[in-house]
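Single-structure report; data block below.
Readers should treat all values here as calculations from the given coordinates under stated rules, not as data from a laboratory. Keep in mind that what you see is a predicted model, and the values were worked out from it rather than measured. Every residue, glycine as well, gets a Cβ built from its backbone with ideal geometry; the counts of neighbours run over all protein chains shown.
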Amino acid sequence: EKGGYDHFMLKEIFEQPHTIFDCLRGRLDAAEGSLTLGGIREYAEQLKNAQRIIIIACGTSWHAGLVAEYMIEELCRIPVEVEYASEFRYRNPVINPGDIIIAISQSGETADTLVAIESAKAQGAVIFGVCNVVGSSIARASHAGAYTHAGPEIGVASTKAFTAQLAVLALIALKIAEEKGSITQKRFLHLLTELEDIPEKVALALQLNDQVRSMAEKYKDARDFLYLGRGYNFPVALEGALKLKEISYIHAEGYPAAEMKHGPIALVDETLPVVIVATRDSYYEKIVSNIQEIKARSGKVIAVITEGDETIPGMADDVIVVPEADELAAPLVSVIPLQLLAYHIGVLKGYDVDKPRNLAKSVTVE
Ligand code: F6R
């Protein structure tokens, strides 16, 4: 049932070219320039005219929400807030009629997320669900939605559900932008092609598996890890750190790279591996400076970079080279080696990576 893999987690990591493909299939056709999202149609007017979108989720799904914030604000020019469901539900949040809530949940059963959307619904918000499990409680409680179609996720740590969420959220952002006319035809078509190419790029990134395993050998005894990224890759840094914590029980923190100098830089010394997601995008020059800052303090830099980068390899201790992608789609590719790194460190330490201690697949209690 593990399809020849040692663990469900590895199987699910390797399924991603297919799961992302399945998620896009029937929805996106770059050659035709067409994008169809059945679930949106009925609420297209509300989405287009939304004054505000509030994204509610927990854990990894919350990280997908952060990426969606960048996507929707860039493409649709609608203000977005991303909320932890547990905080949102208890603080008597301001919800105006017409506000759009996007609830993201793999299981569709997360108690905090479910209660949060129910109270928002009672106050007149439109609930749009992005769930993986068909017919789940959150899917049923939503007015409309789009499934991620990633198939059952058995590994407790979310991997393929995350990339499928990113794919669906990109489609939602693009659809709203198309309806609103807030995107140029050229960028719209370009992004459709970029998304269509993602499964192949993810397959290429998976070929890094052996290299990442050796890197895991080298760093597995570190006590702490720092993960840094900027822009679209900032949530990827958070996700990489969460994966490592869950699977290998190593303390890890994710930060926006520029926040370094406001505190975390005090942690940097020669024992600290710093994973920096530094793919080529509009933040590239800035992140190169952040790498210099860490090297100046003797931190060990593991950089995820884009093919053809000739600058960072001369600075970093280790590089992981991933295929080039538009910055909006880049998280789908750059997260792959971070999933693999957490997996291999967990396995090398002898832990049960499919069922990490203290964690449950669906958190149905608050
Ligand atoms: C992390 C992980 C959790 C879930 C969180 C939300 O690997 O699996 O952080 O992402 O419990 O779960 P869903 O998406 O089912 O609402």
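So, in nm, how far is label Tyr5 from label Gln211 when the simple model puts each one 7 Å beyond its Cα toward the Cβ?
Here the modelled spin labels are 2.0 nm apart.
Provide the convex hull volume over Cα atoms per residue for the chain, in Å³. Provide the component values of the computation, followed by the final result.
Numbers: hull volume 48.3 nm³, N = 366.
For the chain, the hull spanned by Cα atoms encloses 132 Å³ per residue.
With angles folded into 0 to 90 degrees, how steeply does helix 209-219 sit against the dominant principal axis of the chain? Use alpha carbons for both and round to 10.
For 209-219 against the chain, the angle is about 60 degrees.
Under unit Cβ charges (Lys, Arg +1; Asp, Glu -1), what dipole magnitude, rounded to 20 debye, does the chain have relative to its Cα centre? Each step should come with its number before you reach the end.
Working: 35 positive and 50 negative charges, 115 e Å.
Result for the chain is approximately 560 debye, rounded to the nearest 20.
So how do Arg297, Arg280 line up by other beta-carbon neighbours within 10 Å, fewest first? Walk me through the numbers on the way to the answer.
Values: Arg297 15, Arg280 18.
In order of increasing Cβ crowding within 10 Å: Arg297, Arg280.
Report the one residue of Ser334, Ala252, Gly231 whose Cα lies farthest in the direction of the positive end of the charge dipole of the chain (charges on C-beta: Lys and Arg +1, Asp and Glu -1; origin at the Cα centre).
Ala252
Tell me, what ³J(HN,Hα) does each residue in region 3-19 have, in order and in whole Hz, if you take phi through Karplus 6.51 cos²θ - 1.76 cosθ + 1.60 with θ = phi - 60° and put x for Gly and Pro?
Values, residue by residue: x, x, 8, 5, 9, 4, 4, 5, 4, 6, 4, 6, 6, 4, x, 6, 5 Hz.
Find how much the distance from Val134 to Asp269 grows on full extension, using 0.36 nm per residue of separation minus their present alpha carbon separation; answer in nm with one decimal. Don't skip to the end; give the middle numbers.
Working: separation 135, 0.36 × 135 = 48.60 nm, distance 4.70 nm.
Between Val134 and Asp269, full extension yields 43.9 nm more.
Over the chain, what relative contact order in percent results from Cα pairs under 8 Å that are six or more residues apart?
Details: 736 pairs, mean separation 70.7, N = 366.
For the chain, the relative contact order is 19 percent.
For region 229-277, what's the relative contact order in percent, using C-alpha pairs closer than 8 Å and at least 6 residues apart? Show your work: numbers first, answer last.
Details: 41 pairs, mean separation 21.8, N = 49.
Once normalised by length, the contact order is 45 percent.
Give a residue-ordered list of calculated ³J(HN,Hα) values for region 51-68 (Karplus: 6.51 cos²θ - 1.76 cosθ + 1.60, θ = phi - 60°; whole Hz; x for Gly, Pro).
Values, residue by residue: 7, 6, 10, 10, 9, 10, 6, 10, x, 4, 5, 5, 4, 4, x, 5, 4, 4 Hz.
Could you give the angle, 0 to 90 degrees to the nearest 10, between helix 234-248's Cα long axis and the longest principal axis of the Cα atoms of the chain?
Around 70 degrees separate the two axes.
What is the magnitude of the charge dipole of region 236-366 about its Cα centre, with +1 placed on the Cβ of each Lys and Arg, -1 on the Cβ of each Asp and Glu, and no other charges, expressed in debye to the nearest 20?
Numbers: 12 positive and 20 negative charges, 109 e Å.
With only Lys, Arg, Asp and Glu charged at Cβ, the dipole is about 520 debye.
Using θ = phi - 60° and the Karplus relation 6.51 cos²θ - 1.76 cosθ + 1.60, list the HN-Hα couplings for region 101-110 in order, rounded to whole Hz, with x at every Gly or Pro.
Coupling constants for region 101-110: 9, 9, 9, 10, 7, 4, 6, x, 10, 5 Hz.
Mind listing which trypsin sites (Lys or Arg not before Pro) in region 161-247 are in a DSSP loop and have 14 or fewer other Cβ atoms within 10 Å?
Working: sites: Lys175, Lys180, Lys186, Arg187, Lys201, Arg213, Lys218, Lys220, Arg223, Arg230, Lys243, Lys245; in loops: Lys220, Arg223, Arg230.
Passing sites in region 161-247 are Arg223.
For region 186-304, compute Rg over Rh where Rg is the Cα radius of gyration and Rh is the Kirkwood radius from the inverse mean 1/r over Cα pairs.
1.00
Which whole-number percent is the relative contact order of region 290-366 (Cα, under 8 Å, 6+ apart)?
Working: 56 pairs, mean separation 14.6, N = 77.
Normalised by residue count, the contact order of region 290-366 is 19 percent.
Test of understanding: what is the full-extension gain from Thr193 to Gln51, defined as 0.36 nm times their sequence separation minus their Cα-Cα distance? Each step should come with its number before you reach the end.
Values: separation 142, 0.36 × 142 = 51.12 nm, distance 2.90 nm.
That works out to 48.2 nm of additional length.
Would you order Cys58, Cys23 from fewest to most other beta-carbon atoms within 10 Å of each residue's own beta-carbon? Before the final figure, lay out the partial values.
Working: Cys58 21, Cys23 29.
Ascending number of Cβ neighbours within 10 Å: Cys58, Cys23.
What size of dipole, in debye to the nearest 20, comes out for region 1-134 about its Cα centre when the only charges are +1 on Lys and Arg C-beta atoms and -1 on Asp and Glu C-beta atoms? Walk me through the numbers on the way to the answer.
Details: 11 positive and 19 negative charges, 52 e Å.
Value, rounded to 20: 260 debye.
Among His344, His18, rank each residue by its count of other Cβ atoms within 10 Å, from fewest to most, as a rough exposure measure. Can you show the working numbers first?
Values: His344 24, His18 15.
Result, fewest neighbours first: His18, His344.
Could you give the distance between the Cα centres of region 288-366 and region 83-157, to the whole Å?
Result: 28 Å between the Cα centres.
Which order do the peptides 267-274, 144-151, 32-39 come out in when sorted by mean C-beta neighbours inside 10 angstrom, highest first?
Numbers: 267-274: 17.2, 144-151: 22.5, 32-39: 14.4.
The peptides rank, most packed first, as 144-151, 267-274, 32-39.
Tell me which residues come under 5 Å, amide H to amide H, from Ile54 once H is placed; ignore anything under 5 positions away on its chain.
Distant-sequence amide H within range of Ile54: Glu81, Ile100, Ile101, Ile102.
Once label points are set 7 Å from the Cα along Cα→Cβ at both Glu73 and Glu42, what is their separation, rounded to one decimal in nm?
Between Glu73 and Glu42, the label points sit 3.1 nm apart.
Step through the table entries Lys160/Lys349; Lys220/Lys361; Lys218/Lys261; Lys243/Lys349; Lys201/Lys243; Lys160/Lys220, compare each Cα-Cα distance with 18 Å, and write down the pairs that go over it.
Numbers: Lys160/Lys349 23 Å; Lys220/Lys361 25 Å; Lys218/Lys261 27 Å; Lys243/Lys349 15 Å; Lys201/Lys243 21 Å; Lys160/Lys220 24 Å.
Flagged as over cut-off: Lys160/Lys349; Lys220/Lys361; Lys218/Lys261; Lys201/Lys243; Lys160/Lys220.
Using the Cα centre of the chain as origin and beta-carbon charges of +1 (Lys, Arg) and -1 (Asp, Glu), tell me which of Val126, Leu195, Pro273 is placed farthest towards the positive end of the dipole.
Val126
Just order 333-340, 79-86 by mean Cβ neighbour count inside 10 Å, highest at the front, would you?
Top to bottom by mean Cβ count within 10 Å: 333-340, 79-86.
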